[in-house]
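A.B. asks: Would you mind keeping the following structure in view while I ask a few things?
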Amino acid sequence: MHRVWAEIDTSAVRHNLGVVRQRVGGSKTMAVLKANAYGHGAVEMAKLLVGEGIDAIGVGDSGEALELRDAGITAPILIVGGIIPGEMPRVVENDIEVNLHTVQMATELNAEAEKQQHVVRVHLKVDTGMGRLGMQPFEAVPFLHNLRRLRNLELVGMCTHFSLPYERNPSFTTRQIEHFNLAVEVAERLGYSGLTLHSSSSLAVFEREDANFNMVRTGIALWGLLPGDLHGHADALKPVLQLKSRILFLKDVPEGTPIGYSRTWYAPAPTRIATLPVGYNDGFRTSLSNRAEVLVRGVRCPVVGRVSMDYATIDIGLVPDADVGDEVTLIGRDGEEKITLAEHAHWADAIPYEVLCGLGRRVARVYT
Ligand SMILES: *Cc1c(COP(=O)(O)O)cnc(C)c1O
C-alpha cells in the first residue's frame, strides 16, 4: 500500500499518441522522454511507446539514454539538447544520436568515434530564435563543409526548436521556420539528402502544420496537456497522471489552533484537520501552502498551514465522515470533481512541466 502515488493511465498515453499521429499525417513521431518521461517513468513509457511503433525517442542526456539502452530499448535515441565532451565515450558506445552545435564538438565526437571504430549518427541543430543551443543558419555552410572530412560521423538530420509554447507571436514562429528552411536549403545544395528534419514540439504540432517537416518531437502532449494552448486543441487529449495520497492522521481542533511551521494558518472556527503523508520532497511544493485544494470523497478541501518535507495538512471540516486511510486526490478526478494538472500548477506558481518533473522519487508510479 502506497502513501503517495502517481496513477498513470497507459490507455490515455496511447490515445494521445494517436491524436498526435493523426495531426501530423505522414511525419514521423519522436517521443521526448527526458526527465524520466516528465515523471511518468522513462523505461515504462519507452516500452509502451516502442510497442506502439514510435519512430524515435528523445532524451536529455547520456545518462537517460543509457538507462533506456540498459532496459533493452533498441529504438533510435537522440539527445535533444546538447552533450558535454565527457559524455562522448558513452554516446558512441551505446549508439546514441546527438545534435551538433559547433565544428569543435563535431571534431571531438568524430575522434571518439574513430577510437571506438564506430559511426555516430548526428543531427545539425540550428538556432532560429530560441537562443539557447545550436548554430546560426549562416554557420551551417562552413560546418557542413567540415563535416565531410569527419568520416566517423553520419549526418542523418537537421533540427531547430521554437520558443513555443510560451511564445505567443505567430510571426516569430514563422520567421523561425523560414530560417530553418534556409539552413536546410544550404544542406541540400551541398548534396545532403534524405535528412530527417524536425522542429515541432507538442504545441507546434497542433498550431503549426507548416512546421511538421518529416518528424515532430512531442513530450507534453503524450501526457495529455498542451501548455499555451489558446485554441482548445488539448480537448482532444486525455489526462494521463493522477496524484494521490491517503489520510494518515485526523484531529478535531478548536478555533484559533495554529497549524504547521511558522503558524501561517490558525483555525478560524472549530474544524477537523487531516495530515497527509505528502510533502515537498514528493513534489508537493511549499507554494501550495494555504492555496491549493485537494479532493476527499469528492469534496474540495483546502491545504492549510505550510507544506513540509514529508507532510501536508488539509481542512476537512466539510467532509465529516472522512476517515484515516481515505484516498486523497491531489491531481485528478474523484467523483464529480476534478483538479487538473493546470489548476494545480497554477496554485504552485509553476508550469505544468515543472510539476510533473518535480514528482519525487518516493512517489510510487502505478500503471493502469
Ligand atoms: C523537451 C523538448 C521537446 C518536447 O517539448 P514538449 O513541449 O513537451 O512537446 C522537444 N524538443 C526539444 C529540443 C525539447 O527540449
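A.B. asks: Just one of Leu250, Leu222 is at pLDDT 95 or above and part of a strand (DSSP E or B); which is it? Working first, answer last.
C.D. replies: Values: Leu222 fails: part of a strand (DSSP E or B).
Just one listed residue meets the conditions, Leu250.
A.B. asks: Look at Ala322 and say whether it is crowded, with 21+ Cβ neighbours inside 10 Å and at pLDDT 95 or above.
C.D. replies: Working: crowded, with 21+ Cβ neighbours inside 10 Å: no; at pLDDT 95 or above: yes.
In short, no.
A.B. asks: Here is a follow-up. Quick check on this structure: which one of Gly58, Gly39 is under 19 Å from His123 (Cα atoms) and touching a helix residue (DSSP H, G or I) at 6+ places or on another chain (Cβ under 8 Å)? Lay out the reasoning, then the answer.
C.D. replies: On the way: Gly39 fails: under 19 Å from His123 (Cα atoms).
Checking each option against the conditions leaves just Gly58.
A.B. asks: For residues that are in contact (Cβ under 8 Å) with a residue 24 or more places away in the chain and either on the phi > 0 side of the Ramachandran plot or not in a strand (DSSP E or B) (or both), tally how many sit in the stretch 94-110.
C.D. replies: Looking only at that region, the number is 10.
A.B. asks: Being touching a strand residue (DSSP E or B) at 6+ places or on another chain (Cβ under 9 Å), on the phi < 0 side of the Ramachandran plot and outside any strand (DSSP E or B) is the filter here; which residues of the stretch 255-269 pass it? Give the derivation first.
C.D. replies: Step one: of the stretch 255-269, the residues touching a strand residue (DSSP E or B) at 6+ places or on another chain (Cβ under 9 Å) are 255-260, 264-267.
Next, from what is left, pick out any that are on the phi < 0 side of the Ramachandran plot: 255, 257-259, 264-267.
Glu255, Thr257, Thr264, Ala267, listed by residue number.
A.B. asks: I would also like to ask the following. Do the conditions hold for Val141, that is, is it among the hydrophobic types (A, V, I, L, M, F, W, C), over 31 Å from the mean Cα position of the chain (by Cα) and either surrounded by 13 or more Cβ atoms within 10 Å (Cβ to Cβ) or within 16 Å of the ligand (Cβ to nearest atom) (or both)? Break it down stepwise before answering.
C.D. replies: On the way: among the hydrophobic types (A, V, I, L, M, F, W, C): yes; over 31 Å from the mean Cα position of the chain (by Cα): yes; either surrounded by 13 or more Cβ atoms within 10 Å (Cβ to Cβ) or within 16 Å of the ligand (Cβ to nearest atom) (or both): yes.
Judged against the criteria, Val141 is a match.
A.B. asks: Identify, from the list Arg272, Arg365, Arg306, the residue that is crowded, with 17+ Cβ neighbours inside 10 Å, in a loop (DSSP other than H, G, I, E, B) and touching a residue at least 24 places away in the same chain (Cβ under 8 Å).
C.D. replies: Working: Arg272 fails: in a loop (DSSP other than H, G, I, E, B); Arg365 fails: in a loop (DSSP other than H, G, I, E, B).
Every option except Arg306 fails the conditions.
A.B. asks: Is there any pair with a first residue in the stretch 219-248 that is on the phi > 0 side of the Ramachandran plot and touching a residue at least 24 places away in the same chain (Cβ under 8 Å) and a second that is assigned to a helix (DSSP H, G or I) and away from the ligand (no atom under 15 Å from the Cβ) whose Cβ atoms are under 9 Å apart and which are 6 or more apart or on different chains, and what are they?
C.D. replies: Gly224/Ala12; Gly224/His15
A.B. asks: Based on what the data block shows, is Met30 closer than 17 Å to Thr196 by Cα, under 16 Å from the mean Cα position of the chain (by Cα) and either within 15 Å of the ligand (Cβ to nearest atom) or of a type in the set (S, T, N, Q) (or both)? I'd like the intermediate steps shown before the answer.
C.D. replies: Numbers: closer than 17 Å to Thr196 by Cα: yes; under 16 Å from the mean Cα position of the chain (by Cα): yes; either within 15 Å of the ligand (Cβ to nearest atom) or of a type in the set (S, T, N, Q) (or both): yes.
Considered against the rule, which asks whether it is closer than 17 Å to Thr196 by Cα, under 16 Å from the mean Cα position of the chain (by Cα) and either within 15 Å of the ligand (Cβ to nearest atom) or of a type in the set (S, T, N, Q) (or both), Met30 comes out as yes.
A.B. asks: May I ask you to verify whether Asp95 is outside the structural domain of Pro352 (by TED's automatic domain parsing), more than 16 Å from the ligand (Cβ to nearest atom) and at pLDDT 95 or above? It would help to see each step written out before you state the result.
C.D. replies: Working: outside the structural domain of Pro352 (by TED's automatic domain parsing): yes; more than 16 Å from the ligand (Cβ to nearest atom): yes; at pLDDT 95 or above: yes.
Here the answer is yes, as Asp95 does meet what is asked.
A.B. asks: If you don't mind, there's one more thing I want to ask. Give me the residue from the stretch 197-228 that is away from the ligand (no atom under 11 Å from the Cβ) and more than 27 Å from Val122 (Cβ to Cβ) and, out of that set, surrounded by the fewest Cβ atoms within 10 Å (Cβ to Cβ).
C.D. replies: Glu209
A.B. asks: Considering the stretch 98-136 alone, what residues qualify as being surrounded by fewer than 23 Cβ atoms within 10 Å (Cβ to Cβ), among the small types (Gly, Ala, Ser) and closer than 18 Å to Gln176 by Cα?
C.D. replies: Answer for the stretch 98-136, where residues must be surrounded by fewer than 23 Cβ atoms within 10 Å (Cβ to Cβ), among the small types (Gly, Ala, Ser) and closer than 18 Å to Gln176 by Cα: Gly129, Gly131.
A.B. asks: For residues that are among the hydrophobic types (A, V, I, L, M, F, W, C) and within 15 Å of the chain's Cα centre (by Cα), scanning just the stretch 79-97, find the one that is surrounded by the fewest Cβ atoms within 10 Å (Cβ to Cβ).
C.D. replies: Here is the first cut: in the stretch 79-97, the residues among the hydrophobic types (A, V, I, L, M, F, W, C) are 79-80, 83-84, 88, 91-92, 96.
Next, from what is left, pick out any that are within 15 Å of the chain's Cα centre (by Cα): 79-80.
Numbers: Ile79: 21, Val80: 26.
Looking at the filtered set, the residue picked out is Ile79.
A.B. asks: Further question: So which residues in the stretch 46-67 are more than 16 Å from the ligand (Cβ to nearest atom) and either in contact (Cβ under 8 Å) with a residue 60 or more places away in the chain or of a type in the set (Phe, Trp, Tyr) (or both)?
C.D. replies: Hits for the stretch 46-67: nothing passes.
Quick grid of which residues meet (1) more than 13 Å from the ligand (Cβ to nearest atom); (2) under 30 Å from Val122 (Cβ atoms); (3) charged (D, E, K, R); (4) in the same structural domain as Gly25 (by TED's automatic domain parsing):
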| position | (1), (2), (3), (4) |
| --- | --- |
| Pro170 | yes, no, no, yes |
| Thr173 | yes, yes, no, yes |
| Val186 | yes, yes, no, yes |
| Leu190 | yes, yes, no, yes |
| Leu195 | yes, yes, no, yes |
| Ala236 | yes, no, no, no |
| Ser245 | yes, no, no, no |
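A.B. asks: Something else now. Looking at the structure I just gave you, is Arg285 closer than 22 Å to Gly335 by Cα, crowded, with 18+ Cβ neighbours inside 10 Å and under 30 Å from the mean Cα position of the chain (by Cα)? Talk me through it step by step, then tell me what you get.
C.D. replies: Numbers: closer than 22 Å to Gly335 by Cα: no; crowded, with 18+ Cβ neighbours inside 10 Å: yes; under 30 Å from the mean Cα position of the chain (by Cα): yes.
No, not satisfied.
The values are calculated or read from the model by the stated rules, or taken from the named source; none is laboratory data. Since the model is a prediction, treat every value here as computed from it, not as a measurement. Methodologically, a virtual Cβ is constructed for each residue, glycine included, from the backbone with ideal geometry; neighbour enumeration extends over all protein chains shown.
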